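Below is one structure; the comments refer to it alone.
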Amino acid sequence: MTKVESALARTTDTKALIIGKGVVSRTSEVFNQLFAGKKAIIVADTNTWKVAGEAVYASLQAAGIDQDEPFIFNDPDLYAEWKFVEQLKAHLEPRDVIAVAVGSGVINDLTKYTSHILGRKYMCVGTAASMDGYTAYGASITKDGNKQTFDCPAPFGFVMDPVIAADAPKELAASGYADLIAKIPAAADWMLADVVGAEAIDQFGWDLVQNGLKESLSAPAAVHAGDVEMTEKLSEGLLMSGFAMQAIQSSRPASGTEHQFSHCWDMENLAYPNGKHVSHGFKVGIGTLASTASLEFLLEKDIENIDVDACVEAWKSWDEMEAEIREVFAGKPGHLARGLKETKGKYVDKEGLRKQLEALKAAWPTLKEQIRAQIIPFEEVHEDLKLVGAPYEPEMICVDRARMRKTFSYIPYMRSRFTNIDVVYRLGLMPELTERLFGKGGIWEVE
């Protein structure tokens, strides 16, 4: 079995995928395989209609597939926001049609969630290698001013032509590359979670993401230049990440510390001065730098000789932890509610902490070498992001260094998923790491 065939055998939602040069003309094959006898409707925006929508329409038409008039968003400020879900729902609901999303993140998420609430499946034709959410469960939609992930199945079928993706605006592939390089430290986080007994590694999900990952990341300058072959490798890496999340019904294979920065900034509606939202990949890219720096910090520590008794003695009761969280998030009710819920989800008592740290201590001589082999050094990640055209300093996404430090102080409480920051926190090393990153001579020195 090919990697794609192996993935499709385990996925819960997606049952057909083709990727390759010129495959948009084969959209009708996928549609007929999955939705024989059904009527199609293309959902696109004015840009994606031109680059791929017309070709998709022609493919369906040539195969004799009945189609409704395409639904084309023409709002220049289109993004994944609730009002656009309502617009699409109002158009699709009275029609007995299967939506064919033609676009990248925004079009896919809007079509994915709208199809779900109408009780229908859909398929997608991707136009950019911009994120791993194409084939992932769930849609990121902004509602009531807050970006939220709504449960909904991934596309039933997916088509991607790397020629089209390579010709997309460069910031889209840069965002996708930043999202993919995040899988490197995320895997190191999973190693740590596995060792302490917080979350066991699923080998299939691991292999689907990690096998070939570094090769997909090996030529950032070529991706930036629009090289079709490297864009295809990037696209496949992103799609496999989505499939892994489908297969094990969790984002664990693709998300660790670095994504917690993105989640936090989502809650704060991080945007550029012109009001445009910072892409998921760009936020995750900066988070990847922070996570990598934290992992490198841990690798310097003599964890096989830690004083477990001292760590356990210093560990807070839940009441003390709750008081700490309330202090950290004072004046930020949304963050506070999340912090209390998520931290409670991974909190352990003193005996639980002892078990975690004893397991980590015993495994560390071998584990540290596995993590060292897994991660890409900080300076190399920094250079790769620069070469692909992604932000490589927090200021480039409108996060000054004081705000970066403040965000960093939130990360231990932002998600119940066990990551490298939880190791730092449990060892009582957060002050030292914070000084390393933001103190005098630090990576992001705050004056």
Reach of LYS233 by Cα under 17 Å, taken over lysines that are not fewer than 8 positions away in the same chain: LYS3, LYS21, LYS170, LYS183, LYS214
Solvent exposure of region 42-99 as accessible area per residue, Å², 1.4 Å probe: 52
Unit charges on C-beta of K, R, D, E only; dipole of the chain, Debye: 800
Where only C-alpha atoms are counted, convex hull volume of region 220-366 per residue in Å³: 184
Total lysine pairs whose alpha carbons fall under 20 Å of each other in region 47-167 (8 or more apart, or interchain): 10
For region 154-294, accessible area per residue (1.4 Å probe, heavy atoms of protein chains only), Å²: 28
Heavy-atom accessible surface of the chain: percent carbon and sulfur, 1.4 Å: 49
Pairwise label distance in nanometres, GLU229 with TYR79, each label 7 Å out on the Cα-Cβ vector: 3.7
Gyration tensor (alpha-carbon) shape descriptor, region 1-139, a/c threshold 1.5: rounded
Nitroxide proxy distance, nm - points 7 Å out along Cα→Cβ at ALA36 and TYR272: 4.8
1.4 Å probe accessible area per residue over region 306-417, in Å²: 49
Translational diffusion of region 302-394, µm² s⁻¹ [Kirkwood Rh, Cα pairs; Stokes-Einstein; 4 °C; 1.567 mPa s]: 78
Total charge dipole magnitude, region 62-208, about the Cα centre, Cβ charges on Lys, Arg, Asp, Glu only, Debye to nearest 20: 140
Span per principal axis, largest first, for the Cα atoms of region 373-438 (Å): 36, 32, 23
Equivalent-ellipsoid semi-axes of region 138-224, from the Cα gyration tensor, Å, largest first: 26, 22, 14
Structure-derived log10 I(q)/I(0) by the Debye sum over Cα atoms at q = 0.07, 0.08, 0.14 Å⁻¹: which label, when the choices are (1) -0.35, -0.46, -1.30; (2) -0.51, -0.61, -1.21; (3) -0.34, -0.45, -1.48: (1)
DSSP beta bridge pairing in region 1-133, given as percent antiparallel to the nearest 5: 0
Candidate aspartates and glutamates for bridging to LYS15, where Cα separation is under 15 Å - those fewer than 8 sequence places away on the same chain excluded: GLU5, GLU29
Inter-label distance, nm, simple model (7 Å from Cα along the C-beta direction), ARG10/GLN61: 4.2
Inter-centroid distance (Cα atoms) of region 196-215 relative to region 378-447, Å: 24
5 angstrom amide H check on GLN67, placed H, neighbours 5+ away: ALA40
The chain, relative contact order in percent, only Cα pairs under 8 angstrom and at least six apart counted: 16
Within-13-Å neighbourhood charge of PHE31 [Cβ basis; K, R +1; D, E -1]: +3
Positive-end residue, the chain charge dipole about Cα centroid, Cβ charges, pick of SER409, TYR392, ALA55: ALA55
Value at 222 nm in deg cm²/dmol, rounded to 500, when DSSP H runs of n ≥ 4 in the chain each add -39,500 (n - 2.57): -16500 deg cm²/dmol
Bridge type composition, region 104-194 - antiparallel percent by DSSP, nearest 5: 55
Span per principal axis, largest first, for the Cα atoms of region 141-189 (Å): 36, 30, 25
Compactness index (Cα Rg / 2.2 N^0.38 Å), region 80-190: 1.11
DSSP bridge orientation in the chain - percent antiparallel, rounded to nearest 5: 20
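The values are calculated or read from the model by the stated rules, or taken from the named source; none is laboratory data. Being a predicted model, the structure only gives us computed values, none of them experimental. Every residue, glycine as well, gets a Cβ built from its backbone with ideal geometry; the counts of neighbours run over all protein chains shown. These accessible areas exclude ligands, DNA and RNA; they are computed on the full protein's heavy atoms, side chains included. Shrake-Rupley method; radii C 1.70, N 1.55, O 1.52, S 1.80 Å.
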